[in-house]
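These notes are about the structure you will find just below.
The values are calculated or read from the model by the stated rules, or taken from the named source; none is laboratory data. Everything quoted here is computed from the prediction, not taken from an experiment. Every residue, glycine as well, gets a Cβ built from its backbone with ideal geometry; the counts of neighbours run over all protein chains shown. When the accessible area is computed, the model is the full protein with side chains, heavy atoms only, and any ligands, DNA or RNA have been set aside. Shrake-Rupley method; radii C 1.70, N 1.55, O 1.52, S 1.80 Å.
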Amino acid sequence: MIKCLKIILTVLITSFYFFPVYFTFLPAITKNLLAVLGLVFIIIELIRKRDISVSKELLILLLFCGMVSIISLISITYNETPDTTYVTFIRSTVIWLCGAFSVIFIIRSVHGRIDVPLIIHYLIGACLFQCVSAMLIQFIPSFEAFVDTYVQQGQSVLKDMGRIYGIGAALDVAGSRFAAVLVGIAFLLASPPEKVSVGKAIFYTFSFVVITAIGNMIARTTLVGSLIGLAWIVLAPFAQRWKERDENAPAKVLAVLLTLSGLIVLSIFLYNSSPRVNELLRFGFEGFFSYFETGEWETASTNTLEKMVVWPEELKTWVIGDGYFENSRYDPNYLGDATTFGYYMGTDIGYLRFLFYFGLSGLVWIIAILFYLAYVCSDQFKQYTVFFIMALCVGLAVWAKVATDLFLFFYLFLCAAELQKPQGEEKESSSENGKTT
């Protein structure tokens, strides 16, 4: 019973890291609180290991992030703008890393171990918590009132937009994180047979479908992870060389099919019996409904996105940007026209917002960070290379729609790799053994 309570609490902590919230009764965002806690855990771990050195991987990461901050500072100084959004990027990186360390440290404390599947399981739990919360907010007014009273997440704006939300999960920020977790679920579901029991197959299938369905109701960016994940589930049997024949394969296939069938029947029933569910499903899968009803794939988001494609007209902007990431109308010295859609140059496309903020000089570095994180995680957990490549693809694809990033997702696995490194004395003994051999 106590172990179950610890696991539930750890799922909530993971959710507060992955989907940070402001509580009305707390002065700081949950990620800052977790960062402070993480700093304490880091000190404890350093004392335990008797080693205060910083790993090469972390130093390179901080160097890359420092370059983004420096180039951002150069951009806003040269352009004389007050937009410091990415000037503080190095500080944000340290906060996210400390927060990630606190989550990983707590998971290890609860289970006595830390590995990639265990982290993904907790991320699945956090996403399911957000999906269930979003549905409760939608259909139970008292729960909605409770959340709106104690959680600050711009509910009035979301309601005006007709968008649903969880407890800290909303819009494309939530969608991108759902997408990253979905590729993790797909990877685990399509793992070699000996690693996937019938119970796990049911759990992964249920989680994939629920997060895909409700995640798309919250933000259609979720679909990126669904499609990449499904592609791997189809390709995995051909790409992987399984050493053992799966004797439970028929039972697993049957369990997966029954789970899928049950969820599909439930979805059809709710679609036809609840006007609100009907509306949410049509929003979440608008492109599919449009294709089957009109023969053309069309959504309000893609139509809006097409209007946001605008390229720099000056060489200076291509090189160092215009120094604006947020809406320029908030700059009292800005004399140009007010931008549409609430973003500089009227675009919310991630790559273009980076380009207009600090040009190719900064864009190259921020893309390099994503590639480097995927490389380091793959190098530390070699058997999960495909998973990290899929997460990298999600991150790159999401930037084609919105500027939110998945750095915090990779930080969890980076911190897990750091925790798994041997203590100082163990390093010395292993090196001595290596010399004698």
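Tabulated results
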quantity	calculated
Scan of the stretch 243-263 for residues that are modelled with pLDDT of 75 or more and exposed (fewer than 12 other Cβ atoms within 10 Å of the Cβ), ordered by number	LEU257, SER261
Count of the stretch 286-309 residues which are in a loop (DSSP other than H, G, I, E, B) and open to solvent by less than 40 Å² (accessible area, probe 1.4 Å)	2
Residues of the stretch 375-391 that turn out to be within 15 Å of ILE228 (Cβ to Cβ) and open to solvent by less than 20 Å² (accessible area, probe 1.4 Å), as a count	4
Test set (1) open to solvent by 20 Å² or more (accessible area, probe 1.4 Å); (2) at pLDDT 90 or above - PHE413 fails condition number	(1)
Test result for PRO82, part of a loop (DSSP other than H, G, I, E, B) and either open to solvent by less than 50 Å² (accessible area, probe 1.4 Å) or small (Gly, Ala, Ser) (or both)	no
Test: residue in the stretch 9-22 that is closer than 22 Å to ALA126 by Cβ, open to solvent by 60 Å² or more (accessible area, probe 1.4 Å) and not polar (S, T, N, Q)	yes
Residue list for the stretch 147-175, filter: in contact with a helix residue (DSSP H, G or I) (Cβ under 9 Å, 6 or more places away or on another chain), at pLDDT 85 or above and in a helix (DSSP H, G or I)	VAL147, ALA174, GLY175
Top-ranked residue of the stretch 310-327 - restricted to ones that are of a type in the set (A, V, I, L, M) and touching a residue at least 40 places away in the same chain (Cβ under 8 Å), ranked as most open to solvent (accessible area, probe 1.4 Å)	VAL319
Single residue of the stretch 95-148 satisfying the filter (within 17 Å of the chain's Cα centre (by Cα) and free of Cβ contacts under 8 Å to residues at least 60 places away in the same chain) that is least open to solvent (accessible area, probe 1.4 Å)	LEU118
Tally, over the stretch 197-231, of residues that are outside any helix (DSSP H, G or I), under 17 Å from SER176 (Cβ atoms) and of a type in the set (Gly, Ala, Ser)	1
Test result for SER156, of a type in the set (Ser, Thr, Tyr) and open to solvent by 20 Å² or more (accessible area, probe 1.4 Å)	yes
Test: VAL402 is of a type outside the set (Asp, Glu), surrounded by fewer than 23 Cβ atoms within 10 Å (Cβ to Cβ) and under 16 Å from ALA186 (Cβ atoms)	no
Check on TYR372, open to solvent by 10 Å² or more (accessible area, probe 1.4 Å), more than 30 Å from GLU418 (Cα to Cα) and either modelled with pLDDT under 90 or not basic (Lys, Arg) (or both)	no
Residue in the stretch 179-197 that is surrounded by fewer than 18 Cβ atoms within 10 Å (Cβ to Cβ), in contact with a Ser or Thr (Cβ under 9 Å, 6 or more places away or on another chain) and β-branched (Val, Ile, Thr) present	no
Checklist (1) aliphatic (A, V, I, L, M); (2) open to solvent by less than 50 Å² (accessible area, probe 1.4 Å); (3) more than 20 Å from ARG108 (Cα to Cα) applied to ILE52, failing item	(2)
Test: residue in the stretch 60-79 that is assigned to a helix (DSSP H, G or I), among the hydroxyl-bearing types (Ser, Thr, Tyr), farther than 17 Å from PHE407 by Cα and open to solvent by 50 Å² or more (accessible area, probe 1.4 Å)	yes
Out of PHE388, PHE358, PHE409, PHE354, sole residue that is under 26 Å from PRO237 (Cβ atoms) and not hydroxyl-bearing (Ser, Thr, Tyr)	PHE388
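Rundown of residues vs (1) among the polar types (S, T, N, Q); (2) at pLDDT 90 or above, yes/no style:
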residue: VAL210; (1), (2): no, yes
residue: ASN216; (1), (2): yes, no
residue: VAL224; (1), (2): no, yes
residue: LEU230; (1), (2): no, no
residue: ILE233; (1), (2): no, no
residue: ARG241; (1), (2): no, no
